[in-house]
Amino acid sequence: MWSNRTVASSDPDEFVTLIRPAGCKILVTERGQFDAGSTLIDIGPLYAQRRWERLARIAHVETVRPGILFLTAPGPSMFWNGGEIRQEHVLLFRSDAVLVSRSSGPFAWGAMTLADDDMEALCTSYPGCSSMLMSSSVLITPPAGALARLRLLHAAAGNVADICRGSANPAAFARWLEQALMTAMAEIVGAADVPSDTMARQHHQMIIRRFLEILEAHPVEPFPMQTISDAIGVSSRTLRMACQTQLGVSPTQFLLLRRMRQARRALQQADPDVTRVTDVATELGFWELGRFAVKYRQIFGETPSATLRAVGSNERLRSHYALA
């Protein structure tokens, strides 16, 4: 069986409810209107997606299936767990990986995953493939020809519905595409030497994982950075280095952007007849309201009160969550 569908949204909170895996978190780091879309593809046991995004952002993903990820079009590099993915690279990840990615502008990428048992079965014919399953994630440079074939097949999978409608035997074509994609995945993984990860990057990944856990456990508390560093068990300097390499921003900048996004979400969902901007700001620990308003406008291009008054934003978000 096969299927594909395309989802899109101009709201990052809505977008993460439409894509997979569930539980992905996106923090937009660039001023402007968020806009993103993804074609979700199922072909037999293979899950794939083709995604495009318009603004720089930081994403936090906990994977549930092993697979691969790569850029599908020329554009800015992506960074996953501190490693830079360029056009010639592929990221390999296992099913329980915790991945933090960041981008610097508009980009397009694709991914393919299998269930654990299917990936293990696929890897039995490729000795190099088994080493992938030993690492949470690893960046490789596969043979150029193998990566080019994968991109062509992956693009065809994105149009599988149109192709099958024009095919004399849609089921046969879908079966052929499924096998071709799985073979291409195995060739990518099996032909690549898997480099060992550095101790420094592993340490930074551990720090960022703990950093995000602390923020998730205390979503509205504006902790001093020294308090967070002490809770993780590292120096403030080490925390700054880890955030810069993994997230692309300082811990203070990340925390500010995160709280600002929380404020925007709260304002979009509030009833302007009973909620004041002051209520939302102080609840999130913004005590200097003038500075909050100035920073808010710098990030979002409008005042907090304009967001609160926005016609239709409440109805749009509430209807979405009511149907979710």
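Quick check on the range 293-302. Is at least one of its residues more than 30 Å from Asn81 (Cα to Cα), outside the structural domain of Glu84 (by TED's automatic domain parsing) and more than 27 Å from the chain's Cα centre (by Cα)?
For the range 293-302, residues more than 30 Å from Asn81 (Cα to Cα), outside the structural domain of Glu84 (by TED's automatic domain parsing) and more than 27 Å from the chain's Cα centre (by Cα): present.
Are there any helices (runs of 4 or more DSSP H) wholly within the range 117-225 with 1 or more residues that are modelled with pLDDT of 85 or more and not small (Gly, Ala, Ser), and if so which?
Here the list reads 144-158, 170-190, 199-217.
The values are calculated or read from the model by the stated rules, or taken from the named source; none is laboratory data. Not measured: the values here are computed from a predicted model.
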